[in-house]
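Beneath this line is the structure, given in structure tokens, with notes to follow.
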Amino acid sequence: MTAAVLAQVVVSGALMGLVYALVAYGFQLTYATSKSINFGQGELVMVSAFVSLSLVNAGLPYGLVLPAGMLFGALLGLFVERAGVRLALEQKSEGWILMTIILGLFFLSAAENVWGRDDRPFPTPISSDPIHLLGVDITPLEISVAVGVFAVMGLVELFKRVTLLGKAFEAVSADRDAAELMGISARRAIMLSYGLSGMVAALAGILVSPITTVGPTMSSTLILKAFSVAVVAGLDSGFGVVVVGILLGALEAVTSLTVGSGWREAPGLVLLILALAVRPTGVFGKATIRKV
Amino acid sequence: MLRVEGLHAGYGASEVLQGVTLEVGAGQLVALIGANGAGKTTTMRAISGLLKPARGRVILDGREVQGLEAFQIARLGLAHSPEGRKVFGPLSVEDNLLLGAFRRLPAFFGYRRHAAAGLERVYGLFPKLKDRRTQAAGTLSGGEQQMLAIGRALMADPKVILLDEPSMGLAPIIVQEVFATIRRLKEAGTTLLLVEQFASSALAVADRAYVMERGRILREKSTDDLRHDEGLLQAYLG
């Protein structure tokens, strides 16, 4: 195996890893306001991808499919918050864990019934003819993944750090009652974070589908890896998920090439177990400061 | 400015408040004192909407607010500095203060400019907060956190401030500092309802006081009367 092949594999893997990072970022968004995550996030990715595919097949131009798909994802995120999370959070229970899993299974069955069990190609106007760049072949399609991931994460991070509403998100996470006393509606902040999280999930689906195809099984593959990335990176660092996502993607691709494609899933699980054993707050996570 | 009439509230089946009635006039500092478990904090929580009152009325500046969500009552001009301070630990001191003014600031950009005068006022009152403004609030000492909690309430430019146990868990010398601050706020014309365990300190600054016992207002007196009521002091105030 030559260095060129290895470089090629690393780059393709890393780009795939960016998609894991984006899905993991969806976990972080809702965790940031409510300390809850949507365990059905993978199904949100899949259903949004299917809906977008239907829109493409209905003849909608790609430039409109992208925002429409993201809007659909956001609405689905809001639905998950309303149907599965809100009541549990208000009663300070952990019921959202089971509820989001159930909603995910529901979306999965619905998708299988509506769109069937087969994987389907996702047509896109973005070319997949490789360009030769610094010794590796990279397709415009892959570049669009990177651009999309960085653009949306950059915008959301900017919102969280720079705007007062973004700081209010963090206040709700730190102390929900105290945030209410400042005139911040905790319910609306949590709704907004679920909407954003759904939007990010949809974008991940639309970006990855032309490369991997769309199918009901894409949710479980993606969710497992995104979960590994979120746990390894920690649930509060956007920068962390990008680094860990790229690393995991590259590692998977290299493992698949050298050890065999059957071992593709191994690095993610090994990383997950290592992180839980050695650093449960995540490599980029911060231990919470508590002072009484 | 703030009137509470026949307020009933509780947690689950247990009714803690059994008809609390009190009034705080504009510019007044009114103390609410009583033994542990008398219902002082519950009264505060029921006024600010953290706890939904079962019956009774809360009138803020002529408007009935009972039954509204806490964030709505806050937006109408009630600032509640809760028991245990509850500063936003991971956020910086300045961000805590900015969020205190959330109700009157633009939600996206330009909020720092709008908040400049308020920040200056709070930093003038608590110079220590200015020194530590980029520090995470969770790393402040108890006394500094209490200053921050009061500053955060002031940032809202509220009509009424509820101060719940500002001296809790603080060293005596810091408690003195806190009461000096409360006195200054009063002189500046702030309307305050103060809950305190240290009844004598509270009575020293308050215009009027209510004594609470088992979810009811036992009596209302001028602070001079209360301070000379030996029996009462013995019984409730320690």
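The values are calculated or read from the model by the stated rules, or taken from the named source; none is laboratory data. Nothing here was measured: the structure is a model prediction, and the numbers come from that model. All Cβ positions, even for glycine, are placed from backbone atoms using ideal geometry, and neighbour counts span all protein chains on display.
Observations on the structure shown:
Residue-by-condition table, conditions (1) small (Gly, Ala, Ser); (2) over 21 Å from B:Val4 (Cα atoms); (3) touching a Phe, Trp or Tyr at 6+ places or on another chain (Cβ under 9 Å):
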position: B:Asp164; (1), (2), (3): no, no, no
position: B:Pro172; (1), (2), (3): no, yes, no
position: B:Glu177; (1), (2), (3): no, yes, no
position: B:Ala180; (1), (2), (3): yes, yes, no
position: B:Thr190; (1), (2), (3): no, no, no
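- Restricting the stretch B:45-57 to residues that are under 14 Å from A:Glu180 (Cα atoms) and of a type in the set (A, V, I, L, M, F, W, C), the residue that is farthest from the other protein chains (Cβ to nearest Cβ) is B:Ala46.
- Yes/no for B:Leu129 being hydrophobic (A, V, I, L, M, F, W, C), over 19 Å from B:Ser201 (Cα atoms) and away from chain A (no Cβ under 14 Å): yes
- Listed by position, the helices (runs of 4 or more DSSP H) enclosed by the stretch B:109-181 that each have at least 1 residues that are of a type in the set (Ser, Thr, Tyr) are B:111-125.
- Residue match in the stretch B:51-63 (condition: closer than 30 Å to B:Ser141 by Cα and not polar (S, T, N, Q)): yes
- Against the numbered list (1) under 18 Å from A:Lys35 (Cα atoms); (2) β-branched (Val, Ile, Thr); (3) surrounded by fewer than 17 Cβ atoms within 10 Å (Cβ to Cβ), A:Val232 comes up short only at (3).
- Note on the stretch A:160-188: residues that are closer than 26 Å to A:Gly84 by Cα, at the interface with chain B (Cβ under 9 Å from one of its Cβ atoms) and among the hydrophobic types (A, V, I, L, M, F, W, C) amount to 9.
- Members of the stretch B:77-125 found to be within 16 Å of the chain's Cα centre (by Cα) and facing another protein chain (nearest Cβ under 7 Å), listed by number: B:His80, B:Pro82, B:Lys86, B:Gly100
- Test: residue in the stretch A:115-122 that is surrounded by 19 or more Cβ atoms within 10 Å (Cβ to Cβ) and either touching a Lys or Arg at 6+ places or on another chain (Cβ under 6 Å) or under 24 Å from A:Pro210 (Cβ atoms) (or both): yes
- Among the criteria (1) away from chain B (no Cβ under 14 Å); (2) closer than 24 Å to A:Thr100 by Cβ, the one A:Met191 does not fulfil is (1).
- First in the stretch B:95-109 and farther than 20 Å from B:Ile161 by Cβ and at pLDDT below 95, second anywhere and not basic (Lys, Arg) and not in a helix (DSSP H, G or I), Cβ under 6 Å, 6 or more apart: B:Phe108/A:Thr163
- Members of the stretch A:107-129 that are farther than 13 Å from A:Met46 by Cβ and either within 22 Å of the chain's Cα centre (by Cα) or among the β-branched types (Val, Ile, Thr) (or both): A:Pro121, A:Pro123, A:Thr124, A:Ile126
- Some residue of the stretch B:219-231 being touching a strand residue (DSSP E or B) at 6+ places or on another chain (Cβ under 8 Å) and either at pLDDT 90 or above or under 23 Å from B:Ala74 (Cβ atoms) (or both): no
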